[in-house]
Amino acid sequence: MTATESGVELRSAASPAGTDQLDVLESEAIHVMREVAGEFDRPVILFSGGKDSMLLVHLAHKAFWPAPIPFPVLHVDTGHNFDEVIEFRDAVVERYGLTLEVASVQDYIDDGRLSERADGTRNPLQTTPLLDAIADHRHDAVFGGGRRDEERARAKERIFSLRTAFGAWEPSRQRPELWNLYNGRHKPGEHVRVFPLSNWTELDVWRYIQREEIDLPTIYYAHTRDVFARDGMWLTSGPWGGPRDGEEVITKSVRYRTVGDGSCTGAVESTATTLDEVLAEVRESRLTERGATRADDRLSEAAMEDRKKEGYF
Amino acid sequence: MTDLLRLATAGSVDDGKSTLVGRLLYDTKSVLADQLEAVERASKSADGEPDLSLLVDGLRSEREQGITIDVAYRYFATPRRSFVLADTPGHVQYTRNTVTGASTAQLAVLLVDARHGVVEQTRRHAAVMALLRVPRLVLAVNKIDLVDYDEATYLTIAKEFRDHTAALGYGEDTVVTIPVSAKKGDNVVLASDRTPWYDGPTLLDHLESVPVDGPDDTAPFRFPVQTVIRPRSAEYPDYRGYAGLVAAGSVSVGDEVVVLPDGQRTTVEGIDRYTSALDSASAGDSVVLRLAHDLGIARGAVITAAGSAPDPVTEFTATLAWLHDKPLTPGRRLLVKHGTHTVQAMITAVEDRLDIQTLALDADPGTLEINDIGHVAITVAEPLPLDDYDTVAATGSFLVIDPQAGDTLAAGLVGRPLVTTPVDA
Ligand SMILES: Nc1nc2c(ncn2[C@@H]2O[C@H](COP(=O)(O)OP(=O)(O)O)[C@@H](O)[C@H]2O)c(=O)[nH]1
Ligand SMILES: [Mg+2]
């Protein structure tokens, strides 16, 4: 018998542990956030209103309680938003008393600094406004919600990841990251991307959201929506456009696993209206979060790596 | 016993580390359909089987050159345990990444190619594991298919490895050797009938059942202060808490503590984890301590158990694993980051350097170059409350940082944690 024919009963890429493991992950993430508060002058949290960035805000709240979160939040707004997500973003800013910075892709398109791509996708256009906002606000540490389980290039990312003055990630020159001693030294103009959720899996995130009763935008739960199929994903119509010729609009029960630019974030068919049901789906999924829902990562073998090298999230 | 095992793989280039990790993921069904599809699309293997190494070699230059450049972290789980796996590169110039992967590992899987046996990189990696006190080792004698599943070849390699690791201080029961073929799957997840002479566990069996040493909460209490929490709000006008991660040991409300380096004594009045007030906290917990007295404590202080506080020092001996292309220049101004405190430092002398082959210590090498391990004398500008790495690893470790470029130059371990018995090479 060869190993690949095995009938062994094994679970998918997920952590089966009890709450212990979530405590370990939470402690690690909080430790990382407090290191940043201790070592940097002008940190910022990237906040899209999506679940991973909401997790960052929640963890920051816990890390510094009863003091307020000592970081502003930065939203790189593609202009292709889901209304629910923007409402949610503003409610969170209000609830935690945060300062919101917005870098608007639309502004860049309107004044000609960026031009719309032929395919209408704006995710790759976020890099310039992001890097400009970091430079304008002189942010020296930028928290992102990236996780190593998302994608192969991300699997190589350090928790403290140095970016050059051009915002570039240089994978072959990454610093060794030893024990839990993080090195945040950087030269003027450089900044450090910080990923407190590095060691979380998608399932950990959902289990933690359940345990902590964290609010999310409603589009993460199943709802009926008019969608059309493109590249094997269910896209929805919006300011970014709609179905092309031959793409038929149908009404389906769907939910989103990630929230990004509306033009390239797909919904998955789902009837999971509660957290328990979402968790059950995540446990059984045979597709990665990004593979299922992000057209931008399917562009090429190295799509994410290339965008990261240019300074993307 | 915890249900999470952190492990690292190491070995020399082309020994099959990435393939082995890919095999583990594949045979534990941890590979999701779109990842596998991507690998199948990219596979160039002649025999038509998917090249499983592509599951972990994620960077373009890695795929183009067919090598691993940086540590890839992978997460997988079986019904018995969850795993965080660091796949580290084999090339000598990327040894710093092996050190990165090993610094948090509870177990290391070292690979050798059965056709070549134990080579210099195997010895180097085993020494790195011993230095960092990775408690357990597995030797995977890979590509056993290419030596026709020959028992004698396996036994010779296993013996050589055991001799070497014994000389590095590993006890008999902390080292396991397994004949495997990452490519064909023998003894990785499923026992192979092509090695009838081997009756030990498969690699996965072993990973699932090996005892895991959790954080040491019997060690003396150590708590480097990360930041001071002072809301000064209407609701909490007088709240003052010291935030940090318990690095070692445990602490309870009412304990007497000493704050270093100044040495003031006080008692723990409260332990907060967000809004919950705890009775105690132990290694690995991120908490906030409230103390009976306001001592003007800031980031960089270390709160320690009263009975076992180390004397802060400005001069000490340490073991360094040098990780940077730029060699060590004694007398140059450097930085040392210990816990949450970064201080100016100078390496005043390089006492000796480990010969990876013979495990002998060569005296007065003058410098340490990339991948060297050696003992040095260090002077720091402010007193540091250090522990020996072999007593309390969390407060016995530090980084050596270049003050101009900001690069991490070396992994530092207080004292001489690596005890070797020189062997005939
Ligand atoms: N025949 C055989 N080839 C193997 C085995 N494991 C790996 N290889 C091949 O050895 C080469 C190097 O493997 P790779 O996993 O990239 O090695 P790494 O540099 O240690 O990560 C590839 O061509 C693999 O297909 C094995 O068990 N048997
Ligand atoms: Mg490799």
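The values are calculated or read from the model by the stated rules, or taken from the named source; none is laboratory data. Just so we're clear, the structure is a prediction, and the values are computed from it rather than from any experiment. Here the Cβ positions follow ideal geometry from the backbone for every residue, glycine too, while neighbour counts run over all protein chains shown. Ligands, DNA and RNA are stripped out before the accessible areas are found, and what is left, the full protein with its side chains, is counted by its heavy atoms. Shrake-Rupley method; radii C 1.70, N 1.55, O 1.52, S 1.80 Å.
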With every protein chain left in place, what is the accessible area per residue of the protein assembly as shown in square angstrom, probe 1.4 Å?
37 Å²
Would you please put A:49-59, A:86-96 in order of how densely packed they are, using the mean number of other Cβ atoms within 10 angstrom per residue and starting with the highest?
A:49-59, A:86-96
Of the candidates B:TYR75, B:THR348, A:PRO217, the farthest towards the positive dipole end of the protein assembly as shown (Lys/Arg Cβ +1, Asp/Glu Cβ -1, centred on the Cα centre) is B:THR348
Answer in debye to the nearest 20: the dipole magnitude of chain B about its Cα centre, from +1 Lys/Arg and -1 Asp/Glu charges placed on Cβ, is 880 debye
Karplus-derived 3J(HN,Hα), 6.51/-1.76/1.60, for each residue of the stretch A:158-175, Hz, glycine and proline x:
6, 6, 9, 10, 6, 10, 5, 4, 8, x, 7, 9, 10, x, 7, 10, 4, 6
Shielded residues, the stretch A:146-181 - accessible-area loss of 40 Å² or more between chain alone and all protein chains, probe 1.4 Å:
A:ARG148, A:ARG152, A:ALA155, A:LYS156, A:ARG158, A:SER172, A:ARG175, A:PRO176, A:LEU178, A:TRP179, A:LEU181
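What is the dipole size for the stretch B:313-414, taken about its Cα centre, with +1 at each Lys and Arg Cβ and -1 at each Asp and Glu Cβ, in debye to the nearest 20?
Details: 5 positive and 15 negative charges, 77 e Å.
It comes to approximately 360 debye.
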Rank these by accessible area, largest first, 1.4 Å probe: B:ILE347, A:ILE109.
A:ILE109, B:ILE347
Considering only protein heavy atoms and a 1.4 Å probe, what is the carbon-and-sulfur percentage of the accessible area of the protein assembly as shown?
47 percent
Relative frequency of Cα-Cα separations exceeding 17 Å in the stretch B:222-280, percent
43 percent
Roughly what would the spin-label model give for B:VAL419 and A:LEU100, points 7 Å off Cα along C-beta, in nm?
6.1 nm
Nearest-0.05 FRET efficiency for A:ALA165 and A:ARG117, computed from C-beta distance (R0 41 Å)
0.95
Amide H neighbours of B:GLN357 under 5 Å, counting only residues 5+ apart in sequence or on other chains, H built in-plane at 1.01 Å?
none
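Helix-only mean residue ellipticity at 222 nm, chain B, DSSP H runs n ≥ 4 weighted -39,500 (n - 2.57), per residue, nearest 500. What is it? It would help to have the intermediate numbers written out before the result.
On the way: 7 runs with 72 residues, N = 425.
That comes out to -5000 deg cm²/dmol.
With all pairs of different alpha carbon atoms counted, what Kirkwood hydrodynamic radius in Å does the protein assembly as shown show?
26.9 Å is the Kirkwood radius here.
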Counting partner chain Cβ atoms within 10 Å of every residue's Cβ in A:63-71, what's the average?
6
For the stretch B:391-400, take each phi angle, set θ = phi - 60°, evaluate the Karplus expression 6.51 cos²θ - 1.76 cosθ + 1.60, and give the result in whole Hz per residue in order, putting x for glycine and proline.
9, 9, 4, 5, 10, x, 10, 7, 9, 9
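Students often check this: by mean Cβ neighbours within 10 Å, which of B:324-333, B:173-182 ranks highest, and how do the rest follow?
Descending packing order for the listed peptides: B:173-182, B:324-333.
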If I take R0 = 25 Å and measure r between the Cβ atoms of B:MET346 and B:SER308 in this structure, what FRET efficiency does the formula 1/(1 + (r/R0)^6) give, to the nearest 0.05?
0.30
Contact surface B-A: accessible area buried, both sides summed, square angstrom, 1.4 angstrom probe
6700 Å²
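Working out 0.36 nm times the residue gap between B:GLU315 and B:GLU369, then minus their Cα-Cα distance, what length gain in nm do you get to one decimal?
Gain in length upon complete extension: 17.2 nm.
Over the whole of A:31-44, what's the average partner chain Cβ count within 10 Å per residue? Rounded to a whole number, please. Don't skip to the end; give the middle numbers.
Values: counts 8, 2, 4, 11, 6, 2, 5, 10, 6, 0, 0, 0, 0, 0.
Mean inter-chain Cβ contacts per residue within 10 Å come to 4.
Mind giving me the FRET efficiency for A:ARG230 and A:ILE250? R0 is 22 Å, r the Cβ-Cβ distance, nearest 0.05 is fine. Don't jump to the answer; show the numbers that get you there.
Values: r = 13 Å, r/R0 = 0.58.
E between A:ARG230 and A:ILE250, to the nearest 0.05, is 0.95.
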